[in-house]
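Rule-based calculations on the coordinates, nothing more; no lab input. Since the model is a prediction, treat every value here as computed from it, not as a measurement. Backbone-built Cβ (ideal geometry, glycine too); neighbour counts: all protein chains shown.
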Amino acid sequence: MSTIASPAHGAVASVHGLATHLAAATGSGCTIDGVTGKITGLCTAKGSISLPVNYAALVPMLVLFGAALVVLLLSATMPKRPYTSPWPAVPGLWASITALAGIGTVVDGLVQWHDVGGSGVVPLALGDQLFYDHMTAFFVIMFGAATVLGALISDGYLVREGLDGPEPYVLMLACSAGAVLMAQAAGLISLFLGLEIMSISLYAMSAYHRKRAASGEAGLKYFVLGSFASAIFIYGAALIYGATGSTQYLNIISFLISNAVVHNGVLLAGMGLVIAGLAFKVAAVPFHFWAPDVYQGAPTPFVGYMAAVAKAGGFAGLLRVLMLALPTQASDWRPIIWGLATASVLFGSVLALAQSDLKRLLAYSSVSQAGYVLIGLQPGTTGGVTAVCFYLFTYTFMVIGTFAIVGVVQGRGEARNDLSSVRGLAARSPWLAASMLVLLLGQAGIPLTSGFLGKWVVIAAAINKGQYALGLIGMLGAAIAAFIYLRVALLMFMAPEPTTAVVDVEAPAMAYAGGDLQSIATAGLSGRDTVLVLRAPPASRLRVPTPTAAVVVICVAFTIFAGVSTPLLSLSHAITLPWYM
Amino acid sequence: MAFPILDVIILLPLGGAIALAALPRDRVAMSRRLGVGVAILELAFAIWMTVAFKAGNAHAGFQFTSHQSWIGPLGINWYVGVDGISLFLVAVTALLFPVAMASPRVERSPRAHLAWMLLLESACMATFLSLDAFLFFVAFEVTLVPGYFLIIGGDGPRRGYAASKFFLYTFAGSAFLFVGILSTYLLVTSHHVAGTNSSFDIISLARGATHLPLADQELLLGAFGLAFAVKMPLVPFHTWMPDAYTQAPTGASMVLAGILFKLGAYGILRWGIFLFPRAAIALAPVALTLAAIGIVWGCVVAAVQRDLKRLVAYGTVAGVGFIVIGLFGFTVQGITGGIVEMVNHGLSTGALFLVVGMVWERRRTFAFSELGGLQVAAPILGWVFMVVVLSDIGLPGLNGFIGEFLVLIGTFITHRWWAVVATGGVVLSAVYLLWAYQRVFHGPARAINAGVRDMTWAERAAIAPLLAGIVFIGVYPQPLLNRIQPAVNHLVAHLEQADPGFHIPSSGVGHANYAVPPDQVVPVVSASKVPGAHK
């Protein structure tokens, strides 16, 4: 397959498969000329009239939206804050419901994975609006896991900040449902629907910290720029519709295969705008400007959740659009993705070097991580799809775990977001520091972590398509990025920064004979045998809420597990977009 | 099924490191016992393996191999084995680690220090023993993490800077290795050479890689070589090294200088020259030139240092030059000499850093201006230092001589002028090392220097194994050579087969008329082979 010279030719070969596939499955629709590959008639899969709604495909969204409704209804039955009824006395009620819905989604994703395995099944559902295939199931599992992790780390944070309530969980559930829809979408309209559900939830979540001005600013910025990006996306979708006569991916490709589009300016403009709109969501350079401000201002656990879900949702959309709807234009979009990828990897890492705020630093690091996913997308091959899915799945765990720790370290009111907040973490809380170290090394791509394996498959996909320069730029970017993560790691293992000494007046001196006092200054205070004890404030042990600790353990364990074992890789290898090969 | 000795050698220190991490922080004595105990047990296994290793040309291939599927979808296997090239590197690693862990005192968090040391030992062993390119890369990269934390654990004022520099330089170099390995694998797989399967194992890659066009081979070797050159370090890429070695605590400097940089030299031999023989022959002048510059540069810069530890650190640059000169001479003697030099250098540099650390523990300074006349109060320390220095210089009867002699004679046959420059390096190394000895141990002793303590019995016990190795190799190198040579013969035969235009001059002893076992022969392209290439 790698010997095929032009992508268009490859696409023709593949659409043979597509059309016969569809024709066999539907018994009607399009016919295909075996020699030229021309398709006559529009390929429509199992008709929406003859088949009822395939609820199996809808279960994840039903579970997530259903849970959101349950949370809303339950909260409506309760008195306003401060709560007095016995119900909300159950600690973590909203988080528990959300996490349970997430677990349900994961389980359903696994069920779907086995359900969609049968051959000869056209992977379309709900009037051809949704895909029901391995990729859907994979992303469902991913978003379900992100929901569980996100809910668990939000609970401790919201309680600490005095913000606990049902609203963020409703938003989180809706956001996950929107992301699922993005991964399932079989057309640009469904994709846009999912995109907006996801984005609007995220705007509100970013602004949720009512007591911090930065949070409101983040929400507003995200909203204004995000709406702009959505508008760009929908305009691009309209142009594609104008050029091809459909918004459904499979119809777009069958049109492009069977018709030689000579003046394809409208199509290319539409493609460019759709890519730009989605690149905004995944925070790829040069559409990344919102990311540092939003990451800095938004509540920390939501940032972790957002970094995972918004990126994965955006990439799911990009994968489907580029690989299913526009494979014939691969020679046009591959250079665009090349540019986005290299710019994200390099600028993301370099700009992160200059940051002194931990969350901004991680924002830029997430920009460079988006670059790696784009490197996997760039070749436009099945191997690339596998790599992208694997990378996103592992990144979900790494980034949520990292932000879980940042949320703990920054303290009440997000008082300390600067880099020095992690200084001396190893002395204060060795296990937290060790966990952070694993997650940072994972993002840096050090072997025996999932991050390394992710970079390996992504760059293998690029090199397999002859993109040596892209692979090399990616790895050199990783070396720059490693410096960022090392800076944080170094600070964690440095001695705690000297703070103003606490002066205790205590007596008698002999009581401290066995202590570990740094310096004792005796002073004759009122003639009594007293000492002035100068010492650093006792290293306050960080209080880590149990759910957050569980999330950290899960994320670290998964980062190592997926880095040294096969299962996730095998899973992502089963994901193929069978229409284009 | 035979006892999986190599798996044990790789995994035992890893298990020890995990056990140490699980110990409570304040159990210092217990963690010391546990850590050093594991390292000594490891040494026992390594000795057993060295003794059980079969010498002779009939056993040129890999022994004690262990093959397990690891990451199936990517064609990655757990594939380890040992041959004459890696055998003694494993042995010297196993010897140096317990000494480095037991002897020098570590002030800050000894438990973490020992755990990182064991992790580093595990990674080094895996690097030497790996026969799968992916596994090799993983192990090669993983060494960075413990290396980083070992340097940070030192007491130098610039340790954070030095550790980051060490990490980033090698990580950037590894970027090329990463792309190189992937490209090799994918190119080899796409060529569908008969007899190859899509896996990262070294035989499979070598079969395919020798068929690649010369230009591809040169680019790939360049990528591999860049990563290894940073790790070794060869001269333009060496600037991380003096900082790292001087800021690290004694035990860490010993293994960083003694073992870690051998990973680069070993890598270029095993994964560079073996995979891309034609490119290696074509690019040999570049490597030789860099190495020759390194020898002269290292010696000159070492000679002008005002600090004992920096002097020793720059000396390792010269040592690396010798190894590379030997390896790229492409004669049996030269390559054998290069391997022996790697082993020697592990022993001598390890011992040198240990003694330098002892000087530090007594005087808390490395500055020559503060030292002097230590011989009066510490005669045994002085004599030990002298022996180690002489071994490094290459005095006949000590180990350094064997390696340097083989390197020079082997390379003189094929690349005369580089060997001549390298010979000059022998003289220069005598200059700076003897000079250092003179300035530290001789001359008038100031009051504070006259009162230093001589070596304790514990210190003598620690350095004794290293001295024993130094003398043993110097007096009776035959057991080493017997085990190393078959593998080198095989490698040279591989070189001659791969490049029909390449012959070792008749004055050399490097003809390819060795009895290579049929299953170890790497087949060559019959089309490009000129009949009668072998004389």
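Along the stretch B:314-326 the Karplus relation, 6.51 cos²θ - 1.76 cosθ + 1.60 evaluated at θ = phi - 60°, assigns HN-Hα couplings of 5, x, 5, 4, 5, x, 4, x, 4, 4, 5, 4, x Hz to successive residues, with x for each Gly and Pro. Mean residue ellipticity at 222 nm, helices only, chain B: -23000 deg cm²/dmol; runs of at least 4 DSSP H residues each add -39,500 (n - 2.57), and the sum is divided by the number of residues.
The modelled label-to-label distance for the pair A:Ala557/A:Val107, using points 7 Å beyond Cα in the direction of Cβ, is 1.9 nm. Net charge of the neighbourhood of A:Val406, taken over other residues with C-beta under 13 Å away and scored Lys/Arg +1, Asp/Glu -1, is 0. Averaging the Cα positions of each part gives two centres, and for the stretch B:264-280 and the stretch B:389-423 these lie 21 Å apart. Seen from every direction in turn and averaged, the convex hull around the alpha carbons of the stretch B:271-321 projects onto 3.7 nm².
Our note on the geometry: Cα centres of the stretch B:125-186 and the stretch A:345-363, 23 Å apart. Work out, in µm²/s and without decimals, the Stokes-Einstein translational diffusion coefficient of the stretch B:213-311 at 4 °C, 1.567 mPa s, Rh from Kirkwood over C-alpha pairs. In µm²/s, the coefficient rounds to 89. Measure nothing fancy, just the Cα-based angle from helix B:416-441's long axis to the longest principal axis of chain B, in degrees from 0 to 90, nearest 10. Value to nearest ten degrees: 20.
The string of couplings for the stretch A:311-325 from the Karplus curve (6.51, -1.76, 1.60, θ = phi - 60°) is 5, 5, x, x, 6, 4, x, 4, 4, 5, 5, 6, 7, 9, 8 Hz, one whole number per residue in order, with x for Gly and Pro. Here the calculated FRET efficiency for A:Leu100 and A:Ala214, from their Cβ-Cβ distance with R0 = 35 Å, stands at 0.65, rounded to the nearest 0.05. Close amide H pairs (under 5 Å, H built 1.01 Å from N) link B:Asp307 with B:Phe368, residues at least 5 positions away or on another chain.
What FRET efficiency comes out for the pair B:Ala44/A:Ala427, r = Cβ-Cβ distance, R0 = 45 Å, nearest 0.05? Approximately 0.80, to the nearest 0.05.
All other residues whose Cβ lies under 13 angstrom from that of B:Ser190 are scored, Lys and Arg at +1 and Asp and Glu at -1, for a net of 0. Between the stretch B:292-346 and the stretch A:400-468, what's the alpha-carbon centroid distance in Å? Here the answer is 38 Å between Cα centres. Past the 45 angstrom mark, what percentage of all C-alpha to C-alpha distances in the stretch B:5-520 do you count? Pairs farther apart than 45 Å: 9 percent. Size estimate for the protein assembly as shown follows the Kirkwood approach: the inverse of mean 1/r over distinct Cα pairs works out to 31.8 Å.
When its C-alpha radius of gyration is set against 2.2 N^0.38 Å (N residues), the stretch B:131-237 gives a value of 1.27. The lysine pair count for the stretch B:5-520, using Cα distances under 23 Å and pairs eight or more places apart or on different chains, is 6.
Legend: calculated FRET efficiency, A:Ala260 to B:Ala468, from the Cβ-Cβ distance at R0 = 51 Å, rounded to 0.05, equals 0.05.
On a 0 to 90° scale, report how tilted helix B:214-231 is relative to the longest principal axis of chain B, with both axes built from alpha carbons and the result rounded to the nearest 10. On a 0 to 90 degree scale, this one is about 10. Toward the positive end of the charge dipole of the protein assembly as shown, with +1 on the Cβ of Lys and Arg and -1 on the Cβ of Asp and Glu, the farthest Cα among A:Ala469, B:Val51, A:Ser349 is that of A:Ser349.
Phi angles across the stretch B:236-250 convert, under the Karplus curve 6.51 cos²θ - 1.76 cosθ + 1.60 with θ = phi - 60°, into 3J(HN,Hα) values of x, 10, 9, 5, 6, 5, x, 4, 4, 5, 7, 7, 6, x, 3 Hz, Gly and Pro given as x. How large is log10 I(q)/I(0) at q = 0.12, 0.21 Å⁻¹ when the Debye formula is applied to the Cα atoms of the stretch B:357-475, each weighted equally and without solvent? Relative scattering, expressed as log10 I(q)/I(0), comes to -0.53, -1.12. Taking 0.36 nm per residue of separation and subtracting the Cα-Cα distance, full extension of the segment from A:Thr77 to A:Ala550 would add 167.2 nm.
In chain B, the longest principal axis of the Cα atoms and the axis of helix B:84-102 are about 20 degrees apart.
Here, P(r) means the percent of Cα pairs in each 5 Å bin from 0 to the largest distance; for the stretch B:203-261 it is 4, 16, 18, 17, 12, 11, 9, 8, 4, 0.
Mean sequence separation of contacting Cα pairs (under 8 Å, at least six apart), scaled by the length of chain B, corresponds to a relative contact order of 16 percent.
Each label was represented as a point 7 Å from its Cα along the Cα-to-Cβ direction; for B:Asp454 and B:Val28 these points are 2.9 nm apart.
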